[in-house]
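Undergrad: Let me begin by handing over the structure; questions about it come next.
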Amino acid sequence: MSAPVIAMDSLVCAAGGRTLLDIAELRVQPGERVGVVGPNGAGKSTLLRALSGFMPPMHGQLEVLGHLLQTALTAAELRQLRQEVGQVLQGLHLVARLSALDNVLIGCLGRISGWRHWSRRFTATENAQARAALQAVGLQTRAATRADQLSGGERQKVAMARLLMQQPRLILADEPTAALDPAAAIEVCQLLAQAARGATLITVVHNPALLAGLADRVIGLRAGRIAFDLPVAEVSEALLAELYRPASEQQNQRQPEALATPPNHSIEVCS
Amino acid sequence: MGWLALAYALLVALCLGSLIQEDELSMGRNPIANLLKTAGDFAHPSFLDVWLGNPALEYRSDDGTLLRVENRQDVERNYLAGLAEATWTTLRIATLGSLLGALLSLPLALLTARNLAAPRPLAWLAKGILDVVRSIHTLVFGLVLVGIVGLGPTAGILAIGLHSMGTYGKLFSEAIESLDMAAINAVRSVGASPAQVFLHAIWPAVMPQFISSHLYIWEFNIRDSTILGIIGAGGLGLLITEATSLFQWGRLSTVLIVVVILVASFDAMSRRIRAALL
């Protein structure tokens, strides 16, 4: 059996005197599709940030794709990790002034090395790949349109095409359908599942209806701890209701989470 | 809000009242006649004499002796040639000064932009420099610099550059602060190197704003540099000083027409460029 994609042992993340994440043990094998559920503040986004190497120092053991994340990585290691870890965030994080095609091409930046760092030129192969990725999400006619002229659903599809372009081994998706209407949400989920073919997929999901399409295994988080870790077939509505039941009596508080941005808003150009 | 408006009204009343009390608000002896005379002079810009001027204007002494004969058309034609050269000098001072200011301000803007989180002491130092240079007028810089580098366009370029550095720094750092950090993080998240993050995320976002600010201040500096000649930095200002000290309102009128055309055409051009950028 190959080494796990993710190996966590007694991992504790804390910020501002509050424990955000406290996980005794977690293993994710290559090719697994994991859904993460839990109420606001349960540590879902923190978990994804920890896995992507965007997280401040922590205690315990965390190994992602063979990189030990509890120690500070060198810039080169971090780059390699990020290249292999695809992220789909809550917002529609495209570069507004670039065309859809240019945004898709950003997906392959991690593979570019040497002097081409300093140029904005891409090779013919890369351009062809990007066009193919846009075609895969059905946006080939919008290639030259600037990202800020696209609709919300189109932007999320461009983000998916960027993911296809990146060809990551591990995909972390944080509420990929948060801002979309139900039809677009289902379509984006299908695209995400397609992009994740052959890769490991970890998705934070709020809508239980989407779980089946995106996950084989479901992890319930509550107050930073794993509440359950079950195959998707065994996750019942009662179990989810219990997970989301607030400690206080605010039953219907299910706003979309607003923690996509890290607390530190600086551009860490040198990391 | 109410008491602020009241304080403002009181300040205005104080300024006006004290000036009246000190009898400093006089209009001179016969303002109407002076106004009409000046307006009449202005209404006959000197460049008209290139066609309308007397080709053989005779200067005679009191006893009627002919001192010399002057061709007004030639004189004004030469003046126009000088004016063209002065305009060119002004344009060069403004262009190079603006570019100098933009380049000088870039590192300071990077240091003062809050979202880049530069080390605090450096940020304060940069902000201090920008505030100081912004509050010192171009003319003051010019006067000091003429003493250092001598008369001529160099002093003008440096004065414009130093003063507009403050404005550039403020506008540039605001452009940087309005960056979409999430998009930048998204580009970093695919494993892009710092250079790539700059080229693919930061530069496309700030470039239009930088260029727009640059055009705006450049245009402002063209206006500003017309006055720099007064302190000996050359260009149109020199002709303005000359005309005003000799009370040649016709010539001043010509110079001002050129200034207006220069500024208006630059404004039209930069507006078009800005519209194309957004």
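The values are calculated or read from the model by the stated rules, or taken from the named source; none is laboratory data. Because the structure is a prediction, the values reported are computed rather than measured. So basically every Cβ, Gly included, is an ideal-geometry build from the backbone, and we count neighbours across all protein chains shown. These area figures cover heavy atoms from the full protein model, side chains too; ligands, DNA and RNA do not enter into them. Shrake-Rupley method; radii C 1.70, N 1.55, O 1.52, S 1.80 Å.
Undergrad: Can you list residues whose amide H is under 5 Å from A:R222's amide H, if they're 5+ apart or on another chain and H is modeled 1.01 Å from N?
TA: Placed amide hydrogens put A:A227 under 5 Å from A:R222.
Undergrad: Shielding of A:162-170 by partners, i.e. mean partner chain Cβ atoms within 10 Å per residue? Mind showing how you got there, number by number?
TA: On the way: counts 3, 1, 0, 1, 3, 0, 3, 0, 0.
Average per residue, whole number: 1.
Undergrad: Further question: Would you kindly derive the ³J(HN,Hα) couplings of region A:35-46 from the backbone phi angles with the Karplus curve 6.51 cos²θ - 1.76 cosθ + 1.60 (θ = phi - 60°), listing them in order in whole Hz, with x for Gly and Pro?
TA: x, 10, 10, x, x, 4, x, 7, x, 5, 5, 4
Undergrad: Using 5 Å bins from zero, what percent of all Cα-Cα pairs in chain B falls into each bin?
TA: Reading the bins upward from 0: 1, 5, 8, 10, 11, 11, 12, 12, 10, 7, 5, 3, 2, 2, 1, 0, 0, 0, 0.
Undergrad: At 4 °C and 1.567 mPa s, grab the translational diffusion coefficient of region A:6-259 from Stokes-Einstein with a Kirkwood Rh over Cα pairs, rounded to a whole number in µm² per second. Write out the running numbers ahead of the final one.
TA: Details: Rh = 19.0 Å.
Result for D is 68 µm²/s.
Undergrad: Sticking with this one: Return, ordered by residue number, the residues of region A:129-164 whose backbone nitrogen is under 16 Å from a label point located 7 Å along Cα→Cβ of A:R111.
TA: Those under the cut-off are A:129-136, A:161-164.
Undergrad: Pop a pseudo-label 7 angstrom from the Cα along the beta-carbon direction at both A:T125 and B:N115 and give the gap in nm to one decimal.
TA: 3.5 nm
Undergrad: Within 10 Å of each Cβ in A:118-129, how many Cβ atoms from other chains are there, averaged over the peptide?
TA: Values: counts 5, 3, 5, 0, 0, 0, 0, 0, 0, 0, 0, 0.
Per-residue shielding by partner chains comes out at 1.
Undergrad: Taking only the C-alpha atoms, wrap a convex hull around region B:1-114 and report its volume per residue in Å³ as a whole number.
TA: Details: hull volume 31.9 nm³, N = 114.
Expressed per residue, the convex hull around the Cα atoms of region B:1-114 is 279 Å³.
Undergrad: Let me know the mean shielding of B:196-205 by other chains, meaning the per-residue number of their Cβ atoms within 10 Å of its Cβ. Write down the numbers at each step before the final one.
TA: Working: counts 10, 7, 4, 5, 8, 9, 3, 3, 7, 4.
Mean number of neighbouring Cβ atoms from other chains: 6.
Undergrad: Based on the Cα atoms of region B:52-208, what semi-axes does the equivalent ellipsoid have, where each is the square root of 5 times one gyration tensor eigenvalue, given in whole Å with the largest first? Numbers along the way, then the final one.
TA: Numbers: eigenvalues 579, 73, 21 Å².
Result for region B:52-208: semi-axes of 54, 19, 10 Å.
Undergrad: Measure nothing fancy, just the Cα-based angle from helix A:75-84's long axis to the longest principal axis of chain A, in degrees from 0 to 90, nearest 10.
TA: 90 degrees
Undergrad: Over region A:6-259, what is the percentage of antiparallel beta bridges among all DSSP beta bridges, to the nearest 5?
TA: Roughly 60 percent of the DSSP beta bridges within region A:6-259 come out antiparallel.
Undergrad: How high is the relative contact order of chain A, in percent, with contacts defined as C-alpha pairs under 8 Å that are six or more residues apart? Intermediate results must be reported in sequence, preceding the final value.
TA: Details: 476 pairs, mean separation 70.3, N = 271.
Averaging sequence separation for qualifying contacts and normalising by length gives 26 percent for chain A.
Undergrad: Expressed as a whole percentage, what fraction of the accessible surface of chain B belongs to carbon and sulfur atoms when a 1.4 Å probe is rolled over the protein heavy atoms? The partial results should precede the final answer.
TA: On the way: 10620 of 15340 Å².
Carbon with sulfur: 69 percent of the solvent-accessible area.
Undergrad: Next up: Could you work out the mean projected area of the convex hull around the alpha carbons of the protein assembly as shown, in square nanometres to one decimal?
TA: Values: hull surface 158.4 nm².
With the hull built on Cα positions only, its mean projection is 39.6 nm².
Undergrad: Hey, another quick one. Just from its helices, what would the mean residue ellipticity at 222 nm be for chain A, if runs of 4 or more DSSP H residues each count -39500 (n - 2.57) and the sum is divided by every residue, rounded to the nearest 500 deg cm²/dmol? Working shown, then result.
TA: Working: 8 runs with 79 residues, N = 271.
Estimated from H runs of four or more residues: -8500 deg cm²/dmol.
Undergrad: Now for a different question. Stretch A:I186-A:T71 to full length: gain in nm at 0.36 nm per residue minus the Cα-Cα span? Could you put the intermediate results ahead of the total?
TA: Working: separation 115, 0.36 × 115 = 41.40 nm, distance 3.84 nm.
Result for the pair: 37.6 nm of gain on full extension.
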